[in-house]
Amino acid sequence: MRRNISEQAQNLLKLATLNVQTKTKLVTFTSGKGGVGKSTLSANIAYLIAEKGLKVCVLDADVGLANLQVLLNVRPQFTIFDYIEGRCEIDELLTPTAYENLVLVAGKSGYQYATSASSFVFSRVIHDVLSLDKFDLLIVDTGAGLSEYVQEFLEISQNIFAITTTDPSALTDVYALIKMLSEVGKKDVMIAFNHTKLFSTGATITKSLSNLAQKNNIKNEFMIKYLGNISTSQNLSSTAKMRKMYTKEFWSETSAQELRAIADEILKNLK
């Protein structure tokens, strides 16, 4: 069961969602289950959007297993924990990448905040990056599952993009995500299926998830927006291991084209 967060944290969440005057759109990438390729896809989608000329900041909020700095091949001087603990200023937190228009706010794997800290401190980082008003898009890449701090990232975001697969356990977890989002008043979620060869497969499963939600009295107005599928590609995993960007190195492959279509759909659906 989700804990009751403090009044201070609640006020901070409201500040982050309601009172920031900024051009920056916030979208949170999440997954119910680990191992579905979320971070690799997040890095590639961020690159594809930046390639369009939009200024993109990616924040690695996978507190237990931060790896975007590896995928983007950078060595950050500071992480979000340095900022939280007062060792750097917000501008120093922004790590440039080799890709034009794309910067990283790095996380740190295995840090004590993963288990012991009040999670609202991470929402403050989101608020402060938004307040810079430097970016067109802030992508927050959460950890897997629905931990307390992941839920708070989801609550403050108007735009939520879930990456899953057709694996039964992954579908069970993404349904739990849908249920949670509905319960906290969200109206919709964008969804894409990794390791899925046919677009129609994802469309069929999305319809089944919607039907299941209605049968279980999830709010009728809640929408599951299917954005597309990503076929399995050996090159997608191998380029990640080599710290290269798959959609740059293999731009003509089917999976790269599918990712490009999903990036376009995310932009079309942003609120």
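The values are calculated or read from the model by the stated rules, or taken from the named source; none is laboratory data. This one's a predicted model, so the numbers in the text were calculated from it and none came from an experiment. Cβ: placed from backbone, ideal geometry, glycine included. Neighbour counts: every protein chain shown. When the accessible area is computed, the model is the full protein with side chains, heavy atoms only, and any ligands, DNA or RNA have been set aside. Shrake-Rupley method; radii C 1.70, N 1.55, O 1.52, S 1.80 Å.
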Legend entry - Shape parameters for segment 175-271, alpha-carbon atoms, Rg then Dmax in Å: 15.6, 46
Inset, instruction - Provide the net charge surrounding E258, with neighbours chosen by a C-beta distance below 14 Å and charges set as Lys +1, Arg +1, Asp -1, Glu -1. - result: -1
Inset, instruction - Could I have the simple spin-label model distance between S169 and E253, label points 7 Å from Cα toward Cβ, reported in nm to one decimal? - result: 2.5 nm
Inset, instruction - Return the carbon/sulfur percentage of the accessible area of the chain, one whole number, probe 1.4 Å, all protein chains in place. - result: 49 percent
Legend entry - Under 25 Å from K248, Cα to Cα: lysines that are on another chain or at least 8 residues apart: K25, K38, K52, K55, K134, K197, K268
Legend entry - Backbone HN-Hα couplings from phi across segment 226-243 [Karplus 6.51/-1.76/1.60, Hz, Gly and Pro as x]: 7, 9, x, 10, 10, 5, 5, 9, 5, 5, 5, 6, 5, 5, 4, 5, 8, 6
Legend entry - Selected from N67, N211, N44 as most flexible by GNM, with the chain as the system and alpha-carbon contacts under 10 Å: N211
Legend entry - Long-range HN-HN contacts of T232 with modeled amide H, under 5 Å: H195, T196
Inset, instruction - With label points built 7 Å along Cα→Cβ from the Cα atoms of N211 and K268, find their separation and express it in nm. - result: 2.5 nm
Inset, instruction - Please list, in chain and number order, the residues 5+ apart from M223 or on another chain whose amide H is under 5 Å from its amide H, with Hs placed from the backbone. - result: D188, V189
Inset, instruction - Give me the net charge of V125's neighbourhood, meaning all other residues with Cβ under 12 Å from the Cβ of V125; Lys, Arg count +1, Asp, Glu -1. - result: -4
Inset, instruction - Return the whole-Å distance between the Cα centroid of segment 160-209 and the Cα centroid of segment 242-263. - result: 22 Å
Legend entry - Sequence of T164, T97, T232 from largest to smallest accessible area, 1.4 Å probe: T232, T97, T164
Legend entry - Cross-link reach list, aspartates and glutamates versus K215, counting only Cα pairs under 16 Å and skipping chain neighbours closer than eight places: E183
Legend entry - Cα-projected label distance for T22 with K244, points at 7 Å along beta-carbon direction, nm: 3.4 nm
Legend entry - Exposure of E221 as accessible area (Å², to 10), given a probe of 1.4 Å and all protein chains: 100 Å²
Inset, instruction - Rank-order 24-32, 129-137 by packing density, defined as the average count of other C-beta atoms within 10 Å over each peptide's residues, highest first. - result: 24-32, 129-137
Inset, instruction - Might you tell me the accessible area per residue for the chain, computed with a 1.4 Å probe and given in Å²? - result: 46 Å²
Legend entry - Residue-averaged 222 nm ellipticity for the chain, from DSSP H runs of 4+ at -39500 (n - 2.57), nearest 500: -13500 deg cm²/dmol
Legend entry - Long-range amide H partners of L59 with built H, under 5 Å: V105, I139, V140, D141
Legend entry - Karplus 3J(HN,Hα) series, Hz, for segment 31-45 with 6.51 cos²θ - 1.76 cosθ + 1.60 (x for Gly, Pro): 7, x, 10, x, x, 9, x, 4, 5, 4, 5, 4, 4, 5, 5
Legend entry - Coarse-grained scattering of the chain at q = 0.07, 0.08, 0.12 Å⁻¹, given as base-10 log I(q)/I(0) from a Debye sum over alpha-carbon atoms: -0.22, -0.29, -0.69
